[in-house]
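Worksheet: the structure to be examined is printed underneath.
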Amino acid sequence: MRRATLACVVALVALTSLTSCSKKKDGAEPSASKNKDGTPAAPTITFTVDGVEPNGTKPPGADVLEPVKAVLDAYLRRAVIEPLHSGQPPGDITDLFTAEAQTRFGDEATLATLVEDGLPPASTSITAESAVAKLSSVAGPDGAITLVAARLDVKLHAVGPRIDIDIVRDGELVLTSQQGDWRIDSFGLRTTRNTRDKPEEGGS
Amino acid sequence: MIRRSRRFTIVLVVVAAVLAWPALASSQAGEHAITVHKVDNGSFVALQPSQPFFLLLIGNDGRAGLEGIRGDAIHLVGVNPANHSATILNIPRDTWVNIPGHGNEKITRSMEFGGLQLQVQTIAALTGVTFSFAVTTDFEGFQRLVDDMGGLEVNVAERMFDRASGADFHPGRTYMAGPAALAFSRNRHLNGGDIARTTNQGWLLIAALERARQVSHSPFDTMRLLGLMSRHTRFEGVGLRDLFGLVSFGLSIDPANVRNVTMPATTGQVGKASVVFAAPGHQELFADFRDDAILQSH
């Protein structure tokens, strides 16, 4: 009993530390940093972890939460924020996914729920009203945690010379650990886009 | 010692997980009513497995004070991912078969002679089916699992009143808590005897799938299921990722696409023992089942 309580405390401390760390960045305004070629860099937006359900098993510690959050943040940055900012197709994100998950990339409709692609560059600003991940983990009988589900709720407002749009991405990812390497093993996401009224900009 | 009355247990679920249920949290941690045993080198990590696969679900009569556990409720589950369909093929426990290394005996005794491994081997030899997973649960586990699911709704085909099992049901859709479900699965005083009872156990499996689908709608729900399983299940060669894929896929199958078929059989005697003999046509049925988990000709 004491051991379980202690484990919960440790997990909560780890979670709090991750959450507070993220909150500083969540919804951040476009950073002033620039890419190597001098163009403005995409803003830094990361997830706030809003709770972990251990489902009656050993709660995850920082050894699980940190790499899981790192994968989620990398997914958000590389699949959503960077292509939205640049207006270019996303770069290679296969290293974030297991081989089994990658087999679904071939379906364009499925891929469209996963990555941001095809919009004009939102180079003026990208802000996050919400970038929250709720986690659910399960420890096996041996106590090892090799499976974590993440319920995502991302609400972005993106502005550029030819775009002023609200984007909502929500759904669930399931991550698995193989020899300590966390990757997204399955996904079910939805995306909605709503364009805001934007005054015509001269002569287009 | 408890008198061995061949009474019976039942089964597990379409997927072991399907029966495990949230209220299991109230059960004592550390109990392992269920064992999930990986039989071959197959893997279910892909959420959309493309090839048909087969599970063996066995209800054993294990309980405190009873020596020699037998595998009483025997159900082969074949899943065809392409069609999103499944077939439950039921084998009566008293089926007279050759048990490797032990000669001819009732198939239920193969577990007593050599544990789950020998029972899997015996059933594989009988049917020609290669199993990926075998799942077994005991007498107590079954009742608790059904209760923790919140009970099952089962279609009762005929009036049942049987003091031995405690079955007392009228025809029609009937709610059953754990003890009632156990009684339903044990009652063999029916038209069709043990063969009809075996078929009824298959209906319980489908009822369990229906119930699980009512309350499981997302990966988070599946994770809860796995959490319960993790605390109450012994995994032999099976990982959580495997189970997640398997359970997710199982829950995606509409119960309307699950067939419940019992091996053609006749009853008879061997010495003083009442037994079940595989009837003509059983080999064709097994062949039809094992090629793609769908019964085209039956």
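Bear in mind these aren't lab numbers, they're just calculated from the coordinates by the rules spelled out. The structure presented is a predicted model; accordingly, all values stated were derived computationally and were not measured. Using ideal geometry, Cβ is built from the backbone for each residue, glycine included, and neighbour counts are taken over all protein chains shown.
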Inset, instruction - Would you kindly calculate the translational diffusion coefficient of region B:16-292, applying Stokes-Einstein with the Kirkwood radius from alpha carbon pairs, for 4 °C and a viscosity of 1.567 mPa s, and quote it in µm² s⁻¹ without decimals? - result: 69
Legend entry - Net length gained if the chain between A:THR94 and A:GLU129 were fully extended (0.36 nm per residue, minus Cα distance): 9.9 nm
Legend entry - Note, ³J(HN,Hα) from phi for region B:255-261, Karplus 6.51, -1.76, 1.60, rounded to Hz, x at Gly and Pro: x, 5, 9, 10, 9, 10, 10
Inset, instruction - State, in angstrom, two size descriptors of region A:39-94 derived from its alpha carbons: Rg to one decimal place and Dmax to the nearest whole number. - result: 14.6, 49
Inset, instruction - Return the long-range amide H neighbours of A:LEU175 (sequence gap of 5 or more, or a different chain), with a cut-off of under 5 Å between placed amide H atoms. - result: A:VAL148, A:ALA149, A:ALA150, A:ASP185
Legend entry - Spin-label pair A:ASP170/A:ASN194, simplified geometry with 7 Å Cα→Cβ offset, distance in nm: 1.2
Legend entry - Loop trypsin sites (Lys or Arg not before Pro), region A:74-172, which have at most 16 other Cβ atoms in a 10 Å radius of their Cβ (DSSP): A:ARG162
Inset, instruction - Evaluate E = 1/(1 + (r/R0)^6) for A:GLU108 and A:ASP142, where r is the Cβ-Cβ distance and R0 equals 45 Å; express this FRET efficiency to the nearest 0.05. - result: 0.65
Inset, instruction - First select every other residue whose beta carbon is under 9 angstrom from the beta carbon of B:ASP194; then total the charges, Lys and Arg +1, Asp and Glu -1. - result: +2
Legend entry - Rounded to whole Hz, the Karplus (6.51, -1.76, 1.60) HN-Hα couplings of region B:184-200, x for glycine and proline: 4, 6, 8, 5, 10, 8, 9, 5, x, x, 4, 5, 5, 4, 4, 5, 4
Inset, instruction - Report the dimensions of region B:95-157 along its three principal axes from the alpha-carbon atoms, largest first, rounded to Å. - result: 42, 26, 23
Legend entry - Cα-based equivalent ellipsoid, region B:158-298: semi-axes from gyration tensor eigenvalues, Å: 31, 22, 16
Legend entry - Links that overshoot a 24 Å alpha carbon limit, given the list A:LYS134/B:LYS38; A:LYS58/A:LYS134; A:LYS58/A:LYS155: A:LYS134/B:LYS38; A:LYS58/A:LYS155
Inset, instruction - Normalising by the residue count of region B:16-292, find the relative contact order in percent from Cα pairs under 8 Å and 6+ residues apart. - result: 28
Inset, instruction - Please give, to one decimal in nm, the separation of the simple spin-label points placed at B:ASN191 and B:ASN155, each 7 Å out from Cα toward the Cβ. - result: 1.6
Inset, instruction - Round to a whole angstrom and tell me the spacing of the C-alpha centers of region A:76-100 and region B:241-255. - result: 29
Legend entry - Counting DSSP beta bridges with both ends in region B:16-292, the antiparallel % (nearest 5): 70
Inset, instruction - Would you mind listing how long region A:115-180 runs along its three principal axes, going by Cα atoms, in whole Å with the largest first? - result: 54, 21, 15
Legend entry - Debye equation applied to the C-alpha atoms of region B:72-180, log10 I(q)/I(0) at 0.14, 0.23 Å⁻¹: -0.77, -1.21
Inset, instruction - Using the Karplus curve 6.51 cos²θ - 1.76 cosθ + 1.60 with θ = phi - 60°, work out ³J(HN,Hα) for each residue of region B:126-134 in order, rounded to whole Hz, and write x for Gly and Pro. - result: 5, 9, x, 8, 9, 9, 8, 10, 10
Legend entry - Virtual spin-label span in nm between B:GLU236 and A:GLN179, 7 Å along Cα→Cβ: 2.9
Legend entry - Residue-span extension gain [A:ALA41 to A:HIS157] - 0.36 nm each, minus C-alpha spacing: 40.1 nm
